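The values are calculated or read from the model by the stated rules, or taken from the named source; none is laboratory data. The shown structure was predicted, so the numbers you read here are calculated from the model rather than taken from an experiment. Every residue, glycine among them, receives a Cβ derived from its backbone with ideal geometry; neighbour counts consider all protein chains shown. SASA here: full protein model, heavy atoms, side chains in, ligands and nucleic acids out. Shrake-Rupley method; radii C 1.70, N 1.55, O 1.52, S 1.80 Å.
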Amino acid sequence: MIPLPPETIHLPFESGPYRMAMGLVAVAEPDWFEIDSKYREELAERERLLAACHGEVFGAEPGSEAARSETLAIVIEHLIRAHPNWFACDGVSFYNRLTGESWILSERDPLELCGRLVQEDLCLIEASADGPRLTAAVLCFPSRWRLHEKLGRPLMEVHGNVPLYGDRLARPVDRFMAHVRPGHIACRLNWSVMDDPTLFQPTGKWRTAHDATITEENAGDRLFLRVERQTLRRLPGSGAVLFGIRVHVYPLARVVNAAEIAARLAGAIRSLPNEMAHYKSLPMFQTALLGWLDRRAS
């Protein structure tokens, strides 16, 4: 069994006044995708979802064929160059030594095949008269949104129910999508606290019903920090932007293991605007969560 590095722990929250921003940083080419100790487990779950509910986790608009084909070419080239001991390709088949699988390249949709090779979900965003538009995706681990409700829509509509997005992020996002240059990989982190560790979560936002079973005493064991590591990269041939989403789900007690971390998370939650907290379904357990964090912080 080929050993893999441990999962990276991302803690992207900060206390202080709430600020909604893209928060992009550059990523070196070898670090485009995260491949870690959860690789085999998560790839098996992706296979299961693609078999059991294909229409929910994969979709493609007509006209996205060139971008989908280019995605496979650039992903394969990256994996072979970054990890030559784990992956190989002879032009006809792709070989994954981590899982023992091989794939004939011509037998599957190229974007769907990419979803069977990396832990990231992959979305294609292409220019249109209405702004950047979601034209295809393999989305096995959604954080409470449904692909079929967003496919084919401009990003402004895709994010239409996100509080403050239209006022604070829509223009910067559209501007970035128009100007990101080939060869540059950008990354941002997004976080939430959830009561369910399931990776495939197409629903669950805006919940307010209080869960009395989550208490100040057990919140660390009942709740999970869910972090999305999002990457953006221009495809030089088609001009599409490839948006990757790696989902990490950490048991709260495991990662909030120091007073400083607990204080930061408590401060970040307290600074959220009410509509954003509601959007994240935090009112279900927010009082218990803050009580648990405050005890840890002290």
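Residues in the range 1-32 that are in contact with a Gly (Cβ under 9 Å, 6 or more places away or on another chain) and on the phi > 0 side of the Ramachandran plot: G16 only. A search for C-beta distances below 7 Å between a residue of the range 257-270 that is without any contact (Cβ under 8 Å) to a residue 60 or more places away in the chain and of a type in the set (A, V, I, L, M) and any residue that is open to solvent by less than 10 Å² (accessible area, probe 1.4 Å) and not in a helix (DSSP H, G or I), counting only pairs 6+ apart in sequence or on different chains, returns A262/V256. Here T99 qualifies as of a type in the set (S, T, N, Q), part of a loop (DSSP other than H, G, I, E, B) and either modelled with pLDDT of 95 or more or open to solvent by 40 Å² or more (accessible area, probe 1.4 Å) (or both). Of all the criteria given as (1) assigned to a helix (DSSP H, G or I); (2) touching a Leu at 6+ places or on another chain (Cβ under 7 Å), the one not satisfied by G59 is (1). When the range 279-289 is filtered for residues that are buried (at least 18 other Cβ atoms within 10 Å of the Cβ) and not basic (K, R), the ones remaining, listed by number, are Y279, S281, L282, M284, F285, Q286, A288, L289. Does at least one position in the range 270-289 carry a residue that is touching a helix residue (DSSP H, G or I) at 6+ places or on another chain (Cβ under 6 Å) and either assigned to a strand (DSSP E or B) or farther than 27 Å from D167 by Cβ (or both)? Taking every residue of the range 270-289 in turn, at least one turns out to be touching a helix residue (DSSP H, G or I) at 6+ places or on another chain (Cβ under 6 Å) and either assigned to a strand (DSSP E or B) or farther than 27 Å from D167 by Cβ (or both).
Screening the candidates T215, T198, T203 for the property of being touching a helix residue (DSSP H, G or I) at 6+ places or on another chain (Cβ under 7 Å), surrounded by fewer than 21 Cβ atoms within 10 Å (Cβ to Cβ) and among the polar types (S, T, N, Q) yields one hit, T215.
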